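Structure first, commentary second.
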Amino acid sequence: QVQLVESGGGLVQAGGSLRLSCAASGRIFRLNAMGWYRQAPGKQRELVAGVTYGGGTNYADSVKGRFTISRDNAKNTVDLQMNSLKSEDTAVYYCHVDCTVVVGTTTLEGNYWGQGTQVTVSS
(Lines give C-alpha, C1' and ligand atoms only; values in the text may rest on other atoms or scores of the structure.)
Protein backbone atom coordinates (compact mmCIF):
# COMPACT_ATOMS: atom_id res chain seq x y z
CA GLN A 1 0.00 0.00 0.00
CA VAL A 2 2.99 2.29 0.61
CA GLN A 3 6.28 2.12 -1.21
CA LEU A 4 9.46 3.75 0.07
CA VAL A 5 12.35 4.36 -2.31
CA GLU A 6 15.67 5.37 -0.81
CA SER A 7 18.64 6.92 -2.54
CA GLY A 8 21.91 8.60 -1.76
CA GLY A 9 24.00 5.92 -0.08
CA GLY A 10 27.55 5.17 -1.11
CA LEU A 11 31.21 5.21 -0.15
CA VAL A 12 32.74 8.29 1.44
CA GLN A 13 35.90 9.10 3.32
CA ALA A 14 35.81 9.92 7.01
CA GLY A 15 34.93 13.56 7.50
CA GLY A 16 32.87 13.65 4.34
CA SER A 17 29.16 14.10 3.77
CA LEU A 18 26.27 12.19 2.25
CA ARG A 19 22.60 12.97 1.85
CA LEU A 20 20.00 10.22 1.97
CA SER A 21 16.56 10.68 0.50
CA CYS A 22 13.39 8.64 0.87
CA ALA A 23 10.27 9.13 -1.24
CA ALA A 24 6.96 7.59 -0.23
CA SER A 25 4.19 6.73 -2.64
CA GLY A 26 0.95 4.79 -2.62
CA ARG A 27 -2.43 5.15 -1.01
CA ILE A 28 -1.25 7.61 1.57
CA PHE A 29 -3.70 9.66 3.54
CA ARG A 30 -1.04 11.15 5.78
CA LEU A 31 2.56 10.43 6.67
CA ASN A 32 2.90 10.78 10.42
CA ALA A 33 6.31 10.12 11.99
CA MET A 34 9.17 9.52 9.57
CA GLY A 35 12.65 8.41 10.40
CA TRP A 36 15.93 6.83 9.50
CA TYR A 37 17.32 3.72 11.15
CA ARG A 38 20.58 1.93 10.57
CA GLN A 39 21.95 -1.54 11.09
CA ALA A 40 25.64 -2.37 11.15
CA PRO A 41 26.91 -5.94 10.76
CA GLY A 42 26.34 -7.93 13.93
CA LYS A 43 24.37 -5.14 15.57
CA GLN A 44 20.71 -4.42 16.14
CA ARG A 45 18.85 -1.90 14.05
CA GLU A 46 18.83 1.47 15.79
CA LEU A 47 17.05 4.77 15.37
CA VAL A 48 19.26 7.46 13.88
CA ALA A 49 16.82 10.34 13.57
CA GLY A 50 13.09 10.93 13.51
CA VAL A 51 10.76 13.76 12.54
CA THR A 52 7.10 14.24 13.34
CA TYR A 53 4.48 15.56 10.96
CA GLY A 54 4.81 18.94 12.67
CA GLY A 55 8.58 18.99 12.27
CA GLY A 56 9.72 17.96 15.74
CA THR A 57 12.98 16.04 15.57
CA ASN A 58 14.98 13.63 17.68
CA TYR A 59 18.42 12.16 17.16
CA ALA A 60 20.59 9.37 18.49
CA ASP A 61 23.27 10.80 20.76
CA SER A 62 25.95 9.46 18.44
CA VAL A 63 24.82 11.66 15.53
CA LYS A 64 23.70 14.84 17.27
CA GLY A 65 25.36 17.88 15.75
CA ARG A 66 26.42 15.95 12.65
CA PHE A 67 23.17 14.70 11.08
CA THR A 68 20.05 16.66 10.18
CA ILE A 69 16.70 15.14 9.29
CA SER A 70 14.13 17.06 7.26
CA ARG A 71 10.85 16.31 5.54
CA ASP A 72 8.66 17.78 2.81
CA ASN A 73 5.04 17.00 3.52
CA ALA A 74 3.94 18.16 0.08
CA LYS A 75 6.34 15.75 -1.66
CA ASN A 76 6.11 12.90 0.88
CA THR A 77 9.87 12.83 1.30
CA VAL A 78 12.29 12.64 4.19
CA ASP A 79 16.00 13.39 3.92
CA LEU A 80 18.98 12.79 6.14
CA GLN A 81 21.96 15.09 5.74
CA MET A 82 25.03 13.40 7.19
CA ASN A 83 28.14 15.49 7.83
CA SER A 84 31.46 14.74 9.50
CA LEU A 85 30.96 11.07 8.83
CA LYS A 86 32.90 8.53 10.88
CA SER A 87 33.79 4.93 10.23
CA GLU A 88 31.31 3.90 12.91
CA ASP A 89 28.51 5.38 10.81
CA THR A 90 29.00 2.54 8.33
CA ALA A 91 25.73 0.61 8.11
CA VAL A 92 22.69 -0.08 6.01
CA TYR A 93 20.31 2.84 6.46
CA TYR A 94 16.56 2.28 6.35
CA CYS A 95 13.76 4.75 5.91
CA HIS A 96 10.70 4.15 8.09
CA VAL A 97 7.28 5.79 8.16
CA ASP A 98 4.23 5.63 10.36
CA CYS A 99 1.31 6.57 8.20
CA THR A 100 -2.40 6.57 7.63
CA VAL A 101 -3.35 4.76 4.44
CA VAL A 102 -6.56 4.67 2.44
CA VAL A 103 -8.16 1.24 2.27
CA GLY A 104 -11.40 1.26 0.34
CA THR A 105 -13.63 3.83 1.98
CA THR A 106 -11.75 3.95 5.26
CA THR A 107 -8.27 4.57 6.60
CA LEU A 108 -5.87 2.41 8.56
CA GLU A 109 -2.67 3.06 10.49
CA GLY A 110 0.43 1.26 9.34
CA ASN A 111 4.19 1.43 9.29
CA TYR A 112 6.56 0.66 6.43
CA TRP A 113 10.26 0.16 5.79
CA GLY A 114 12.41 1.00 2.82
CA GLN A 115 14.71 -1.55 1.23
CA GLY A 116 17.83 -0.04 2.78
CA THR A 117 20.80 1.79 1.34
CA GLN A 118 24.43 1.07 2.17
CA VAL A 119 26.59 3.80 3.66
CA THR A 120 30.29 2.99 3.95
CA VAL A 121 32.72 5.40 5.57
CA SER A 122 36.39 4.66 5.00
CA SER A 123 38.94 5.79 7.56
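Tabulated data for the structure shown
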item	result
Taking the chain and dividing mean pair separation by its residue count, relative contact order in percent (alpha carbons under 8 Å, at least six apart)	35
Calculated FRET value between SER87 and VAL5, using beta carbons and R₀ = 25 Å, to 0.05	0.40
Accessible area, probe 1.4 Å, largest first, for residues LEU4, LEU11, LEU108	LEU11, LEU108, LEU4
Debye, to nearest 20: dipole size of segment 1-99, +1 on Lys, Arg Cβ, -1 on Asp, Glu Cβ	100
Segment 23-123: trypsin sites (Lys or Arg not before Pro) in DSSP loop, at most 12 other beta carbons within 10 Å	LYS43, LYS64, LYS75
Modelled FRET efficiency - R0 30 Å, ALA14 with THR106, Cβ distances, 0.05 increments	0.05
Environment charge of ALA91, counting only residues whose C-beta is closer than 12 Å and scoring Lys/Arg +1, Asp/Glu -1	+1
Pairwise centroid distance, computed over Cα atoms, of segment 62-86 with segment 19-33, Å	14
Segment 27-112, accessible area per residue, ligands and nucleic acids excluded (1.4 Å, Å²)	52
Apportionment of accessible area to carbon and sulfur, segment 21-123, percent (1.4 Å)	48
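The values are calculated or read from the model by the stated rules, or taken from the named source; none is laboratory data. All figures in this text were calculated on a predicted structure; none of them were measured in a lab. As a convention, Cβ positions derive from the backbone with ideal geometry for all residues, glycine included, and neighbour counts pool all protein chains shown. Note: accessible area is taken over every heavy atom of the protein model, side chains too, but ligands, DNA and RNA are not part of it. Shrake-Rupley method; radii C 1.70, N 1.55, O 1.52, S 1.80 Å.
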